[in-house]
1. Can you tell which of A:LYS44, A:LYS26, A:LYS19, A:LYS53 is under 27 Å from A:SER97 (Cβ atoms), out of contact with any Leu (no Cβ under 6 Å at 6 or more places or on another chain) and either more than 10 Å from DNA strand C (Cβ to nearest atom) or in contact (Cβ under 8 Å) with a residue 24 or more places away in the chain (or both)?
2. Could you check how many residues of the stretch B:1-54 are hydroxyl-bearing (Ser, Thr, Tyr), open to solvent by 60 Å² or more (accessible area, probe 1.4 Å) and within 13 Å of DNA strand D (Cβ to nearest atom)?
3. What are the pairs with Cβ atoms under 8 angstrom where one residue, in the stretch A:117-128, is more than 21 Å from A:ALA107 (Cβ to Cβ) and the other, located anywhere, is at pLDDT below 95 and open to solvent by 60 Å² or more (accessible area, probe 1.4 Å)? Sequence gap at least six, or different chains.
4. B:SER97: within 20 Å of A:VAL77 (Cα to Cα), polar (S, T, N, Q), at pLDDT below 95 and in contact with a Lys or Arg (Cβ under 9 Å, 6 or more places away or on another chain), yes or no?
5. Out of the residues in the stretch B:79-135 meeting the condition of being over 18 Å from A:VAL129 (Cβ atoms) and within 7 Å of another protein chain (Cβ to nearest Cβ), tell me which one is least open to solvent (accessible area, probe 1.4 Å).
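The values are calculated or read from the model by the stated rules, or taken from the named source; none is laboratory data. Here the structure is a predicted model, which is why all the values come from computation and not from measurement. Every residue, glycine among them, receives a Cβ derived from its backbone with ideal geometry; neighbour counts consider all protein chains shown. Accessible surface is based on the protein model in full, side chains and every heavy atom, while ligands, DNA and RNA are left aside. Shrake-Rupley method; radii C 1.70, N 1.55, O 1.52, S 1.80 Å.
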2 protein chains.
Amino acid sequence: MKKTDIFKKLRSSGLRPTKQRVEIAKFLFDREKTFHFTVESLNKLLEKKTTSKFALATIYNTVHSFKNAGHLSEVEVKGNKTYFDTNVSNHHHFYDSETSQLIDIDAKEVVIQKIPKAPNGKKIKNVEVFINLKN
Amino acid sequence: MKKTDIFKKLRSSGLRPTKQRVEIAKFLFDREKTFHFTVESLNKLLEKKTTSKFALATIYNTVHSFKNAGHLSEVEVKGNKTYFDTNVSNHHHFYDSETSQLIDIDAKEVVIQKIPKAPNGKKIKNVEVFINLKN
DNA sequence: TTTCACTTTAGAATCATTATAAACTATTAC
DNA sequence: GTAATAGTTTATAATGATTCTAAAGTGAAA
C-alpha cells in the first residue's frame, strides 16, 4: 500500500493523516493476510517494529477512529480484552482458547440452512459464527 | 427447585453448600427461562431480591465456581464486561446491542450446512452462532 | 465439640480503558 | 509563506471490572 493510498484512506474517512495515524495505518493495513490484535499486543508490536514512540492513549484513540471509520472490526471473544480485526468484510472466526488465537473464516466457507427469525420488532443485522477449537 | 436439590447440585460439584452459595444458586437456577447476567447486574438483583448481604468478591468467587463446575456458561459479547448464562447446553444467541440484551436460541433452531474443517492439528470443540439485531 | 480446611469478607491491588487538559500540528484563510 | 484554529497527541489521572490478600468466619469430619 502506497503512502498516498493511506493518506486517501484516512482523508476519505475524515481523519487527518497525522504522523501517528499514518504509521499505525501502514502497520495495520499494509499486509496480505488479515491481522487480529488487542491494543496491548499492537502497542508491543509497534514498539518493536517502528522507531516512533506512541502514547498508549494515542493507540486507543487511533484504533477507535479506525473502527468508527469502518477500517477495523471488533471481534467478540470471551474474556475482558477487546480484539480487533483488519478484515471488515462479513466473515467468521475460529478461536483457539489455548493460544488466544483467532483465524478468519471466509463468509462463503459457512453455509447456514436454517435460522430463527428475529424477535418482535427487531431485524437481523448480521450473523457471526464462532468455531471454538481444541487440541 | 428444592433446597435439597441445590445442596446436591453443589455437593456433587465439590462445592460446600454455604449460605451464600445456596442463596445465589437458588436465585440463579430456580427459574423457568434461562438467565443472562453480568456480575454487576447479579449483584444489584441480589441486593434487591434477597435480604442477605454479599461481598462483591463472594459473587465473583461464586460465579466462577459455578462456571468451573459447569453450572454456568460464559457468553462472548463485544465490550469489556463478562456475561454469564444459566443455559449450559449447546445453544446460540441473539444479541441486541442497543439494549445489551441476550436471547437464547435453541440449538435445533439453527442448522449449518457447511463448515470449514479445523486447521492443522486442531479439532472443533463447538460452534456458536451469534445473531446481532437492529431495529 | 473440637479442629481444620474451605469460604467469606473488606479493602487493596491490578488491568484495561477512558477522561483531562496542556502542548503540538495539520489545514485553512489570508 | 504565516497566522489562526480546529483537530491531535501526550502524560497522567480517573474509572470500572476483576482479582488478590490476609484476617475472620463457618461447614464438616473425627
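1. Testing whether each residue is under 27 Å from A:SER97 (Cβ atoms), out of contact with any Leu (no Cβ under 6 Å at 6 or more places or on another chain) and either more than 10 Å from DNA strand C (Cβ to nearest atom) or in contact (Cβ under 8 Å) with a residue 24 or more places away in the chain (or both) leaves just A:LYS44.
2. Residues meeting the conditions: 2.
3. From residues that are more than 21 Å from A:ALA107 (Cβ to Cβ), the pairs are A:GLY121/B:ASN135; A:LYS122/B:LYS134; A:LYS122/B:ASN135.
4. Yes; evaluated as a whole, the condition is true for this residue.
5. Here the answer is B:ASP96.
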